[in-house]
Each structure stands twice: as C-alpha cells, then as structure tokens.
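**Student:** Supplied in structure tokens, the structure appears directly below.
The values are calculated or read from the model by the stated rules, or taken from the named source; none is laboratory data. As the structure is a prediction and not an experimental result, all values here were calculated from the model. Positions of Cβ are generated from backbone atoms using ideal geometry, with glycine treated the same way; all protein chains shown enter the neighbour counts.
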Amino acid sequence: MSFVEIAIFISLPIITVSMLIMVYRVAVGPSLEDRVVALDLIATTVIGFIAVYAIISNSTTILDVGIIIAMLAFLGTTAFAYYLERRSKS
Amino acid sequence: MSGIIDVVSAVLILSGAIFILISSIGLIKMPDIYMRMSATTKATTLGVGSILLGTALYFEEVGIITRAIIIIIFLFLTAPIGAHLIGRAAYFDGIPLWDKSIINELEGSFNPIEHVLYSEKFGSDEKVTLPREQTENNSD
C-alpha cells in the first residue's frame, strides 16, 4: 500500500462521519436558514468525496461531476437566500 | 521523486479530511447561525481545496490539474458570496443573535417594518417617517 491509499482509507470514513453530522444539523436545525447552511456544506463536502473517489476508481472524468455540483450548490444557495429574503418582506 | 509526491498528496488529503471534520463539529457546537457560518465556510473551503490539490498532485495529468484548479477557484469565489447572502437573509428574517454576543453593528439601521437597510442609524423622527412610495421604489 502506498501512502495515498493509506490516506484514502483513513480520510473516507472521516468525510462520511462529518457528512452524517451535517445531516443531523439539517434534521434538527431550529430555523430554515440553518438547514440551508448545512445543505450548502453537504454539497461542498460531496465535492471532496468525489475527488477522493476519483483516486480509488482511477477514473479521471468523475471530477466533471464536481464542477457541476459546485455550480448547482451555489445556484441553490442563491435561490434559497432570495426566497428567504422575499418571504420575510411580505 | 514520485515517492515525495505520494507523501505530499497523502498529507494534503488527510489534512483536508480533518478540516472537513472540524467544520462539521463547528456546525454542531456553535450556538448561533452566524457563528456556524463563520465556522463552516472557511474550514470547508480550505479542506476541499486541499483534497482537490492532493488529487491533482496524485494524477499528474493536465486535464485533472485544470479541473481541480477550476473547482478551487470557483469555490473560493462563491463560498463567501453564498455565506453573505444567507447571513443577510437570516438577519432580515429576524433570527436572533447569541445572547452573549457583544456587538451588533446593524442594530438600529434596519427597519423591520419597511424592510429597508439604511446606511446610517435612523434615530430621529424624520428618517423613520420616510415616504412609502420612495422606499418601495428603492426596494424593487
């Protein structure tokens, strides 16, 4: 085993556990804004997961999925913020 | 030479995972939505950035390095913007600050009835009684 494989086998459970903690915040979060922050964080973490998974599966094209997820996460956050601001206005 | 690159990319991936874990702990333990955002945005951006850098160093291909750098630049550009937007929406929505927070810079400069943010505090009467048509035109 090379160093990178050891690092992957340690870091994949760490990322998974932290994603579970973020899901707990999505379920519990007292306000809607907390849930939006946690969902944005989950989408950002998925990009890191994909980058680690690209090394395991040795497929280089999977990083394109990361680009798409980054764009979709920013778009969703912006839409939620706009909606929340409009909702508080009315 | 490739052994050194292996070690460097392993260290980058491990440190990125640990940064992501730290940010998720901050998401749980912080008492306030604003502190939660300040804990999560920075640490997660740094963690994912270092993981992508480790992946780019491991593959050593031009396409992978380009994609990783594109994702890193995009994250570094959009994470502060998204956090600012959600924080602004949360403040306007009336989410309270932590009760041990010391300073609230926007206190008194946001009118919760008309939903207009003034650049100065409106303490006097003349600024409170702004004409309604003017504020509606400004807000839209």
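**Student:** Looking at (1) facing chain A (nearest Cβ under 7 Å); (2) part of a helix (DSSP H, G or I); (3) in contact with a Ser or Thr (Cβ under 6 Å, 6 or more places away or on another chain); (4) not basic (Lys, Arg), can you tell me which one B:ALA83 breaks?
**Tutor:** Failed condition: (1).
**Student:** Here is a further query. Considering every residue within segment A:76-89, establish whether at least one is part of a helix (DSSP H, G or I), crowded, with 19+ Cβ neighbours inside 10 Å, at pLDDT 90 or above and among the polar types (S, T, N, Q).
**Tutor:** Within segment A:76-89, one or more residues are part of a helix (DSSP H, G or I), crowded, with 19+ Cβ neighbours inside 10 Å, at pLDDT 90 or above and among the polar types (S, T, N, Q).
**Student:** Next up: Out of curiosity, is A:ILE47 crowded, with 16+ Cβ neighbours inside 10 Å, closer than 24 Å to B:ALA56 by Cα, within 13 Å of the chain's Cα centre (by Cα) and more than 9 Å from chain B (Cβ to nearest Cβ)? Outline the logic, then answer.
**Tutor:** Values: crowded, with 16+ Cβ neighbours inside 10 Å: yes; closer than 24 Å to B:ALA56 by Cα: yes; within 13 Å of the chain's Cα centre (by Cα): yes; more than 9 Å from chain B (Cβ to nearest Cβ): no.
Spelling it out, it is not the case that A:ILE47 is crowded, with 16+ Cβ neighbours inside 10 Å, closer than 24 Å to B:ALA56 by Cα, within 13 Å of the chain's Cα centre (by Cα) and more than 9 Å from chain B (Cβ to nearest Cβ).
**Student:** Check B:LEU97, B:LEU130 and return the single one that is among the aliphatic types (A, V, I, L, M), at pLDDT 80 or above, surrounded by 11 or more Cβ atoms within 10 Å (Cβ to Cβ) and not in a helix (DSSP H, G or I). Even if it seems obvious, please write down each step before you answer.
**Tutor:** Details: B:LEU130 fails: at pLDDT 80 or above.
Sole residue among the options that is among the aliphatic types (A, V, I, L, M), at pLDDT 80 or above, surrounded by 11 or more Cβ atoms within 10 Å (Cβ to Cβ) and not in a helix (DSSP H, G or I): B:LEU97.
**Student:** Scan segment A:44-61 for residues that are over 20 Å from A:PRO13 (Cβ atoms) and either in a helix (DSSP H, G or I) or aromatic (Phe, Trp, Tyr) (or both) and jot them down. Before you say what the answer is, go through the steps one by one.
**Tutor:** Initial filter on segment A:44-61 (over 20 Å from A:PRO13 (Cβ atoms)): A:58-61.
Result: A:THR60, A:THR61.
Quick grid of which residues meet (1) more than 9 Å from chain A (Cβ to nearest Cβ); (2) free of Cβ contacts under 8 Å to residues at least 12 places away in the same chain; (3) surrounded by 12 or more Cβ atoms within 10 Å (Cβ to Cβ); (4) not in a helix (DSSP H, G or I):
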{"position": "B:LEU27", "(1), (2), (3), (4)": "no, no, yes, no"}
{"position": "B:THR41", "(1), (2), (3), (4)": "no, no, yes, no"}
{"position": "B:VAL48", "(1), (2), (3), (4)": "no, no, yes, no"}
{"position": "B:LEU57", "(1), (2), (3), (4)": "yes, no, yes, no"}
{"position": "B:ARG67", "(1), (2), (3), (4)": "no, yes, yes, no"}
{"position": "B:ARG88", "(1), (2), (3), (4)": "no, yes, yes, no"}
{"position": "B:PHE92", "(1), (2), (3), (4)": "no, no, yes, no"}
{"position": "B:ILE103", "(1), (2), (3), (4)": "yes, yes, no, yes"}
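**Student:** Quick one: would you say A:LEU12 is more than 7 Å from every other protein chain (Cβ to nearest Cβ), touching a residue at least 24 places away in the same chain (Cβ under 8 Å) and surrounded by fewer than 21 Cβ atoms within 10 Å (Cβ to Cβ)?
**Tutor:** Yes.
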